[in-house]
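Notes follow the structure.
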C-alpha cells in the first residue's frame, strides 16, 4: 500500500459571455506518481478549449511513459500550433509530476508561476530555472514535497483579475501571494476550500463578469489513509488465529462485516459484542459494537448493498449500515479486504440467488468498483 497520497481540487470559471472555459485540466495516475497538467488556450470559447484540452491530454499521455522531462517538453513544443502573426503558442502549459515519495518535477511554458504552501499555510514561489527547448524558454523545477505541503497552479484569468476595473493592473502574482499568506493559515491545507477562495476572490475583482477564463488547481501531499475490512470465517478453523492477527496487526480504520465474524473477533479479544442501535429501522440486519473497531455490520447483505450503492447511487436521505461502510471506504486511499471463504450455514435454503452467498465474489466485485474510483485495494483470502 502507498504511504502517501494526494488531495486534488479544481475550481474554474469561463470568460463572461462564453459557454465553455478556454482552460483545461487533466489528472493522470501512474503506478508511482500523479500527473497534473493545466493549459490555457489562446483566446476563449470552444477553440481555446479544444487547444487547451489537446495540450493537457498530450502532456499527461507522454508523462505516463518512460520519457524524460526534456523529451516530454520537446514533444509538446513540437506538437503545439503557433500563431504565425504573433509568434506565440496557441496554448500554454504547466505540467507537474508528484511521485509517491514526494519528489516533484515541474515544467512551465508561458504560464503563471506555481506556488507552494509549505505545511499548507506558508506560500512560496517554486524556484525554477530556465531551459531553452526548440527556441522556447521553459521554466523547470525539481524539488521535494513534505506531508502537508500544497501546490497551487492557476491561469491568467486569476492573475489579471480586475484589470481595468477594481485593480487597474490586475491582481498579479504578488497580490495572489499576499492573499494566500492571509487565508491559507485558517484553511490548514483544505484544497477544495483554498481553490474556491482563490477563484471567488478573482471573480469579485472581475465584478462577476470575468474578462478571461480562470482556473485554480490545488494539490495537497499527505500521509495515505488506510482501512482494513474483515469478513467471514476462514475456510478452516485452524486458520482463524492467523486471520485475526493479520487483521489486528494492520494500521488504519478497522471494519468488521459479518455476525459470525464479529462473534469470533470479540471472543478472541475477550470483549463484549453489543448491538448498534443506529440503524434498527433500516431493512438491513443490525450491526454491532466491539471495542477498538470503527464499524461492525452484518456481512453479505450489507456488502452487497454497498456495491449496489456504488453502481446506482445512494437514494436521497438513505442512511444505513451500507452507507456508513461506504463512508469509511471512500475516505481511505488504500483498502485491504481479509476474506474468509467458509460457507455460512445461515445462508442455506433462503431462496436468494446463489451468487449472493459467495463472499469471495461479493468482495471482488466491491473491490473492483472501489478501484474504478481510484482506490488501491488488496484482497487476501483465508
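The values are calculated or read from the model by the stated rules, or taken from the named source; none is laboratory data. These numbers come from a predicted model, not from an experiment. Cβ atoms come from the backbone with ideal geometry, glycine included; neighbour counts cover every protein chain shown.
Couple of notes before you dig in:
- Within the stretch 259-273, not a single residue is assigned to a loop (DSSP other than H, G, I, E, B), on the phi < 0 side of the Ramachandran plot and under 33 Å from the mean Cα position of the chain (by Cα).
- Residue in the stretch 217-232 that is surrounded by 22 or more Cβ atoms within 10 Å (Cβ to Cβ), in contact with a strand residue (DSSP E or B) (Cβ under 7 Å, 6 or more places away or on another chain) and within 17 Å of residue 172 (Cβ to Cβ) present: no
- Test: residue in the stretch 127-144 that is closer than 20 Å to residue 11 by Cβ, in contact (Cβ under 8 Å) with a residue 24 or more places away in the chain and surrounded by 19 or more Cβ atoms within 10 Å (Cβ to Cβ): no
- In the condition set (1) more than 30 Å from residue 339 (Cα to Cα); (2) modelled with pLDDT under 95, residue 236 is compliant with all but (1).
- Note on the stretch 324-350: residues that are assigned to a helix (DSSP H, G or I) and at pLDDT below 95 amount to 3.
- For first residues located in the stretch 278-289 and touching a residue at least 24 places away in the same chain (Cβ under 8 Å), partners that are in a loop (DSSP other than H, G, I, E, B) and surrounded by 14 or more Cβ atoms within 10 Å (Cβ to Cβ) and lie 6+ apart or on another chain with Cβ distances below 6 Å form the pairs 279/320; 282/320; 284/320; 285/298; 288/273.
- For residue 157, the criteria (1) within 27 Å of residue 32 (Cα to Cα); (2) in contact with a strand residue (DSSP E or B) (Cβ under 6 Å, 6 or more places away or on another chain); (3) not in a strand (DSSP E or B) hold in every case but one, which is (1).
- Within the stretch 102-118, considering residues that are at pLDDT below 95 and in a loop (DSSP other than H, G, I, E, B), the one surrounded by the most Cβ atoms within 10 Å (Cβ to Cβ): 111
- Under the condition of being in contact with a strand residue (DSSP E or B) (Cβ under 7 Å, 6 or more places away or on another chain) and not in a helix (DSSP H, G or I), the residues counted in the stretch 20-59 number 19.
- Test: residue in the stretch 78-94 that is farther than 24 Å from residue 177 by Cβ and part of a helix (DSSP H, G or I): yes
- In the stretch 26-50, the residues that are over 30 Å from residue 224 (Cα atoms), out of contact with any helix residue (DSSP H, G or I) (no Cβ under 7 Å at 6 or more places or on another chain) and crowded, with 22+ Cβ neighbours inside 10 Å: 44, 48, 49
- Among all residues of the stretch 10-23, there is none that is closer than 18 Å to residue 139 by Cα and in contact with a helix residue (DSSP H, G or I) (Cβ under 7 Å, 6 or more places away or on another chain).
- Selection from the stretch 178-192 of residues that are assigned to a helix (DSSP H, G or I) and buried (at least 16 other Cβ atoms within 10 Å of the Cβ): 179, 180, 183, 184, 187, 191
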